[in-house]
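Peer 1: Sharing a structure below in structure tokens format, with a few things to ask.
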Amino acid sequence: MRKITVGAFVSLDGVMQAPGGPHEDPVGGFGYGGWAVPYFDEIMGQAVDEMFSRPFDLLLGRKTYDIFAAHWPYAGPDDPIGPLFDRITKYVATRNPDLKLDWQNSRTLGSDPLETLRRLKSEDGPDLLTQGSTDFLQTLFRHDLVDEMYISYFPVVLGKGKRLFGEGAMPMALKLVGSKVSGTGVTVNKYVRSGPVVPGSFEFEQPTEAELERRRKLS
């Protein structure tokens with residue numbers, strides 16, 4: 001069985017658009033492209049290395065694929081990420097299943113990406129790791145396909161932009177299995193699924209008359 005793992009750089013208000021540069025994704029007039037770059041340090045580099053330490057294939061939305069395909073094949077042999085991304089399989093979600101993908105070892109998820117993903121998950125092989133791909137992530141969350149998440153929270157508020165979680169995400173409980181803080185204040189967290197959401201209550205066992213009245217007003 002293969003897992004789907006989400007890798008995301010996220011602001012405190014949940015934005016993950018264009019962390020790597022001003023020309024990465026200016027859609028919607030987003031003016032803070034490259035917001036993550038000033039926070040990178042040695043610990044952040046180690047966190048990225050850890051995320052890439054297990055065998056994986058990339059699972060990308062088409063826009064993120066285009067960003068990666070225009071950059072990583074040209075990174076040079078001394079770059080630790082470029083040759084790795086070149087070598088592994090890149091699965092791409094696109095509304096055009098006949099799209100020609102020029103980057104080596106790239107293939108589309110076809111006309112029914114959800115069925116393809118379910119089949120891939122049922123097979124043996126490397127886990128499937130997302131990078132960016134905000135729009136595609138909403139499909140993964142909506143259809144309850146995510147098993148693990150590497151989320152790095154940056155100490156910055158961006159106000160607007162594409163967010164990690166949108167409307168329609170499937171409720172789920174998560175367990176924090178690893179966490180570290182960089183010297184620049186980024187919290188790097190690894191989460192795994194831990195079952196359904198389990199509600200609790202801090203209410204009095206016997207509600208007060210004021211509480212009962214409050215509930216009547218709500219209804």
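Peer 1: Can you tell me how many residues within region 187-211 are over 16 Å from M149 (Cα atoms) and surrounded by 11 or more Cβ atoms within 10 Å (Cβ to Cβ)?
Peer 2: Residues meeting the conditions: 2.
Peer 1: Name, by its number, the condition in (1) surrounded by fewer than 15 Cβ atoms within 10 Å (Cβ to Cβ); (2) over 27 Å from S182 (Cα atoms); (3) among the hydroxyl-bearing types (S, T, Y) that does not hold for T116.
Peer 2: (1)
Peer 1: Just checking, which of L176, L140, L158, L129 is among the aliphatic types (A, V, I, L, M), part of a strand (DSSP E or B), surrounded by 15 or more Cβ atoms within 10 Å (Cβ to Cβ) and in contact (Cβ under 8 Å) with a residue 12 or more places away in the chain?
Peer 2: Only one candidate qualifies: L129.
Peer 1: Go over the candidates G76, G20 one by one and state the one that is out of contact with any Phe, Trp or Tyr (no Cβ under 7 Å at 6 or more places or on another chain), part of a loop (DSSP other than H, G, I, E, B) and modelled with pLDDT of 95 or more.
Peer 2: Details: G76 fails: modelled with pLDDT of 95 or more.
Among G76, G20, only G20 is out of contact with any Phe, Trp or Tyr (no Cβ under 7 Å at 6 or more places or on another chain), part of a loop (DSSP other than H, G, I, E, B) and modelled with pLDDT of 95 or more.
Peer 1: On to the next question. Within region 53-74, how many residues are surrounded by 15 or more Cβ atoms within 10 Å (Cβ to Cβ), among the hydroxyl-bearing types (S, T, Y) and under 20 Å from K121 (Cα atoms)?
Peer 2: Counting residues in region 53-74 that are surrounded by 15 or more Cβ atoms within 10 Å (Cβ to Cβ), among the hydroxyl-bearing types (S, T, Y) and under 20 Å from K121 (Cα atoms) gives 0.
Peer 1: Can I ask one more? Report, ordered by the first and then the second residue, all pairs with beta carbons closer than 8 Å, sequence separation of six or more or different chains, a first member in region 180-208 that is closer than 18 Å to I43 by Cα, and a second member that is among the hydroxyl-bearing types (S, T, Y) and open to solvent by 70 Å² or more (accessible area, probe 1.4 Å).
Peer 2: Qualifying pairs under 8 Å: T187/S179; V188/S179; N189/S179; K190/S179.
Peer 1: (1) open to solvent by 60 Å² or more (accessible area, probe 1.4 Å); (2) part of a loop (DSSP other than H, G, I, E, B); (3) within 18 Å of T130 (Cβ to Cβ): which one isn't true of E50, the others all being true?
Peer 2: (2)
The values are calculated or read from the model by the stated rules, or taken from the named source; none is laboratory data. All values reported here derive from a predicted model rather than from experimental measurement. Here the Cβ is made from the backbone with ideal geometry for all residues, glycine too, and neighbour counts use every protein chain on show. The area values use the complete protein model at the heavy-atom level, side chains included, leaving out ligands, DNA and RNA. Shrake-Rupley method; radii C 1.70, N 1.55, O 1.52, S 1.80 Å.
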